[in-house]
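Student: Quick one: this structure, given as structure tokens, is what I'll be asking you about.
The values are calculated or read from the model by the stated rules, or taken from the named source; none is laboratory data. All of these numbers come straight from a predicted model, not from anything done at the bench. Glycine gets a Cβ as well: all are built from the backbone with ideal geometry, and neighbour counts include every protein chain shown.
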Amino acid sequence: MIHLQEVSKLYRTDRVETTALDNINLDVGKGEFISVMGPSGCGKSTLLNLIGLLDEPTSGKVALDGKAIDRYGDRDLARVRNERLGFIFQQFHLVSDLSVVDNVEIPLLYRKMSNKERRRAALAALDRVGLSSRTRHFPTQLSGGQQQRVAIARAIVGRPGILLADEPTGNLDSQMGDEIMSILEDLNANEKTTIVMVTHDPRMAEKTHRVVRLFDGRQVQ
Amino acid sequence: MIRHLFKLVWNRKRTSALLILEIFFSFLVVFVVATLGMYCWDNYKRPLGFSIKNVWQLRIETKKSDDQHTPEESATFARLLKEVKSFDAIESAAGAMGAPYEFGQYQSGMTIHHHDVTMEFNEVTPELKDVLGLRLVAGRWFQEGDEKLSWLPVVIDRDLARDAFGGQEAIGQRLDEPAPDGMKPKPGMRVIGVVDDFRRAGELSGPGNYRFDLKRLGNPDDRPGRIILVKVRSGTPASFEETLMARAQGVAPEWSFEVKPLTQLRESAFRLRLTPLIVGGIVAFFLLLMVGLGLIGVLWQNLLQRTREIGLRRATGASRAEVHRQVVMEQILLTTLGVFLGTVLVAQIPILDLIGFVSGRVFAGGLLVAMVSIYLLSILCALYPSAMAARVQPADALRYE
Ligand SMILES: Nc1ncnc2c1ncn2[C@@H]1O[C@H](COP(=O)(O)OP(=O)(O)O)[C@@H](O)[C@H]1O
Ligand SMILES: [Mg+2]
């Protein structure tokens, strides 16, 4: 499902050259739930961005669903992101000027569908994360855990096959973190959603099928 | 998407209101300047009703008001006109009270068939038709012997004929002007002819009613004219002005004179009417420039604050083109709201009939120009910020820290 082959990523800023990722090989199968661990700055987010087609590798190959994406144009990449991928971030990245349900509808704006269908799908996704009663609220009126649940609803509203979560529980206390984790486990178990999750928390990593460890841009295991 | 953008605009009330207000005011300014411009242009294209080729004016300064005159002065004026006509260099000359392009005017109002009509008028001698090349469309012009009639013959322009008599035949109609307090009533007037629309104030003035009264030179009741309009033969040198002035001074040493080609009066009239338009245009231009730069700044600022949102949209499936389009659409939406408010306000003018002189066509033209230029300005200002927004790298925009 996800295939990374000899992927490296270099960042060049002025005179400094950072090797964020160095020769990474990774395969994630359909329905797998893996976690990525490692110290801060070791390249976890970079790895997720490459899988999520938000960035291009300096060298190596990234393939999704068996298709190499290096020859995709901007429009095709956007379509794949829209249909196949869902992102969850540590800082939620909700649009503060939009209500909960309008936030959840965002990915569907880039699809051809009626306003009614969009609304129905968004409400269903909010129901899925247990937020049916908060649809008209604005993000600032919600707790951190609730905000992250909105973000998950937004990530799953388009029914993507792959969820990419970058430290989804990093900003939450452990009880809220557990709630989020159980939603992800549930999505993985019941919808066969493939999940790649970056985490610092070994308790969370334990609950996943497999752990990929990075150190200084290298895979150590 | 439109609904989504509406929500964004609505929820960002403060920034949106600021932008809408800027657009609203620029719209009003452009509308005013454009409508004035259209009005001038519309007038300019209408027939003028006379020609000033080789026409000069000899202006008489008697240092007395029009109404205090002696029979001797009337006689002096008649002699002066005769003297002027005797020059070889002069094709024809006519006495009058007012000249084309002059600033002041003689106004009169009367009730005709139970409806109030106002008009500008002039008292002229019969030669005026030749001097200014007036075109008769009905009836006749003044002729020899008219000064002996018991009533006062008048020639009116088409506008006045239409306004006073509608579809009826104007020739032979009577006009009765109430005499001002303490003054002898004028003899009853009767229309003997109709000329083409006569726009004495010049090309940039609007259409209006006009009436020519016969100035009866032999009649001691008639006041002397204030002006003699002369048509000189082509090729007459400017130095002839001096000759003319000297001769006039000889006939009437107690009066003073000034000679000027009408082209000079025309120039001043144009300057007088175009200056506010040009100043308005320049002010509007700089205003639009400032508003434009302001718009770019505000949009830019907004987008900086919204890089995360843009990154998120890109991550969830918006292509560069879609981000670009969204920013431009948001701007068009704000513009539409501003223009809508402006149009609602401006529409009160014809609804409440606030400015009578602006015709529907000129009004619509001004509105159209204002709309088109505001939309253009606004889209132009959105282009650069939207291009920058489309260039946002989602990975950078969404990075923590
Ligand atoms: N846009 C960038 N420009 C320069 N350096 C970057 C950029 N993004 C990441 N890096 C560097 O690459 C390395 C890996 O970053 P990141 O993937 O964010 O680490 P992690 O998510 O594991 O904390 C870090 O040293 C970081 O400073
Ligand atoms: Mg990170």
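Student: For region A:110-148, which positions are farther than 27 Å from A:Glu185 by Cβ and either of a type in the set (Ser, Thr, Tyr) or in contact (Cβ under 8 Å) with a residue 12 or more places away in the chain (or both)?
Tutor: A:Tyr110, A:Arg111, A:Ser114, A:Arg118, A:Arg119, A:Arg136, A:Phe138, A:Thr140, listed by residue number.
Student: Let me ask something else about it. For region B:104-163, enumerate the residues that are in contact with an Asp or Glu (Cβ under 7 Å, 6 or more places away or on another chain), of a type in the set (Lys, Arg) and farther than 27 Å from B:Val232 by Cβ.
Tutor: Answer for region B:104-163, where residues must be in contact with an Asp or Glu (Cβ under 7 Å, 6 or more places away or on another chain), of a type in the set (Lys, Arg) and farther than 27 Å from B:Val232 by Cβ: just B:Arg158.
Student: B:Leu295: within 14 Å of chain A (Cβ to nearest Cβ), buried (at least 20 other Cβ atoms within 10 Å of the Cβ) and of a type outside the set (D, E, K, R), yes or no?
Tutor: Criteria not met by B:Leu295.
Student: Right, next: Select, from A:Gly86, A:Gly60, the only residue that is more than 16 Å from ligand 2 (Cβ to nearest atom) and over 19 Å from A:Thr169 (Cα atoms).
Tutor: From the options A:Gly86, A:Gly60, the qualifying one is A:Gly60.
Student: Whether any residue in region A:81-88 is buried (at least 19 other Cβ atoms within 10 Å of the Cβ), more than 8 Å from chain B (Cβ to nearest Cβ) and of a type in the set (S, T, N, Q) is what I want to check.
Tutor: No, there is no match, as no residue in region A:81-88 is buried (at least 19 other Cβ atoms within 10 Å of the Cβ), more than 8 Å from chain B (Cβ to nearest Cβ) and of a type in the set (S, T, N, Q).
Student: Specify which of the listed residues (A:Ser40, A:Ser99, A:Ser35) is more than 21 Å from A:Val150 (Cβ to Cβ) and more than 16 Å from the chain's Cα centre (by Cα).
Tutor: Of the residues listed, the single one that is more than 21 Å from A:Val150 (Cβ to Cβ) and more than 16 Å from the chain's Cα centre (by Cα) is A:Ser40.
Student: Next question, about the same structure. If you take just the helices (runs of 4 or more DSSP H) that sit entirely in region B:1-85, which of them hold at least 1 residues that are among the β-branched types (Val, Ile, Thr), under 24 Å from the mean Cα position of the chain (by Cα) and surrounded by 19 or more Cβ atoms within 10 Å (Cβ to Cβ)?
Tutor: B:13-45
Student: Out of (1) hydrophobic (A, V, I, L, M, F, W, C); (2) part of a strand (DSSP E or B); (3) in contact (Cβ under 8 Å) with a residue 60 or more places away in the chain, what's the single condition that is false for B:Phe142?
Tutor: (2)
Student: Residues of region B:366-401 being of a type in the set (D, E, K, R) and either within 30 Å of B:Leu345 (Cα to Cα) or away from ligand 2 (no atom under 16 Å from the Cβ) (or both), which ones?
Tutor: Across region B:366-401, the qualifying residue is only B:Arg391.
Student: Tally the residues that are surrounded by 14 or more Cβ atoms within 10 Å (Cβ to Cβ), in contact with a strand residue (DSSP E or B) (Cβ under 9 Å, 6 or more places away or on another chain) and either charged (D, E, K, R) or within 9 Å of chain B (Cβ to nearest Cβ) (or both), restricting the search to region A:62-80.
Tutor: 1
Matching residues to (1) under 26 Å from B:Leu19 (Cβ atoms); (2) among the β-branched types (Val, Ile, Thr):
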residue	(1), (2)
B:Gln249	no, no
B:Pro253	no, no
B:Lys260	no, no
B:Ile278	no, yes
B:Arg308	yes, no
B:Val328	yes, yes
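Student: Oh, and also: Limited to region A:100-119, what total is found for residues that are at the interface with another protein chain (Cβ under 8 Å from one of its Cβ atoms) and either surrounded by fewer than 19 Cβ atoms within 10 Å (Cβ to Cβ) or of a type in the set (Gly, Ala, Ser) (or both)?
Tutor: Result for region A:100-119: 2.
Student: Still on this model: Looking at (1) within 16 Å of ligand 1 (Cβ to nearest atom); (2) within 21 Å of B:Ser16 (Cα to Cα), which one does B:Gly292 not meet, given that it meets all the others?
Tutor: Single failed check for B:Gly292: (1).
Student: Further question: Any chance you could count how many residues in region B:237-251 are surrounded by 16 or more Cβ atoms within 10 Å (Cβ to Cβ) and touching a strand residue (DSSP E or B) at 6+ places or on another chain (Cβ under 8 Å)?
Tutor: Residues that pass the stated criteria total 4.
Student: Going by the conditions given, is B:Ser378 among the hydroxyl-bearing types (Ser, Thr, Tyr) and either at positive phi or in contact (Cβ under 8 Å) with a residue 60 or more places away in the chain (or both)?
Tutor: Yes; evaluated as a whole, the condition is true for this residue.
Student: From the set of residues in region A:10-57 that are more than 10 Å from ligand 1 (Cβ to nearest atom) and closer than 23 Å to B:Leu312 by Cα, which is surrounded by the fewest Cβ atoms within 10 Å (Cβ to Cβ)?
Tutor: Ranking the candidates gives A:Glu56 first.
Student: Checking B:Arg306 against (1) within 14 Å of chain A (Cβ to nearest Cβ); (2) surrounded by 13 or more Cβ atoms within 10 Å (Cβ to Cβ); (3) modelled with pLDDT of 90 or more: exactly one of these is not met. Which one?
Tutor: The number of the failed condition is (3).
Student: Every residue in region A:138-179 that is on the phi > 0 side of the Ramachandran plot and within 16 Å of ligand 1 (Cβ to nearest atom), please.
Tutor: A:Glu167
Results for (1) at pLDDT 90 or above; (2) hydroxyl-bearing (Ser, Thr, Tyr); (3) touching a strand residue (DSSP E or B) at 6+ places or on another chain (Cβ under 7 Å); (4) not assigned by TED's automatic domain parsing to the domain that holds B:Ser74, shown as yes or no for each residue.
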position: B:His113; (1), (2), (3), (4): no, no, no, no
position: B:Gly133; (1), (2), (3), (4): yes, no, no, no
position: B:Lys148; (1), (2), (3), (4): no, no, no, no
position: B:Val154; (1), (2), (3), (4): yes, no, yes, no
position: B:Asp157; (1), (2), (3), (4): yes, no, yes, no
position: B:Glu169; (1), (2), (3), (4): yes, no, no, no
position: B:Gln173; (1), (2), (3), (4): yes, no, yes, no
position: B:Met183; (1), (2), (3), (4): no, no, no, no
position: B:Gly218; (1), (2), (3), (4): no, no, no, no
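Student: What number of residues in region B:116-127 are touching a residue at least 60 places away in the same chain (Cβ under 8 Å) and under 25 Å from the mean Cα position of the chain (by Cα)?
Tutor: Here the count works out to 7.
Student: For A:Gly170, only one of the following conditions fails: (1) away from chain B (no Cβ under 14 Å); (2) within 16 Å of ligand 2 (Cβ to nearest atom). What is its number?
Tutor: Result: A:Gly170 passes all but (1).
Student: Does any residue of region B:164-183 turn out to be in contact with a Cys (Cβ under 6 Å, 6 or more places away or on another chain), of a type outside the set (Ser, Thr, Tyr) and part of a loop (DSSP other than H, G, I, E, B)?
Tutor: No, that holds for no residue.
Student: Being in contact with a Lys or Arg (Cβ under 8 Å, 6 or more places away or on another chain), away from ligand 2 (no atom under 15 Å from the Cβ) and under 23 Å from A:Glu206 (Cβ atoms) narrows it down to one residue among A:Gly31, A:Gly38, A:Gly43; which is it?
Tutor: A:Gly31
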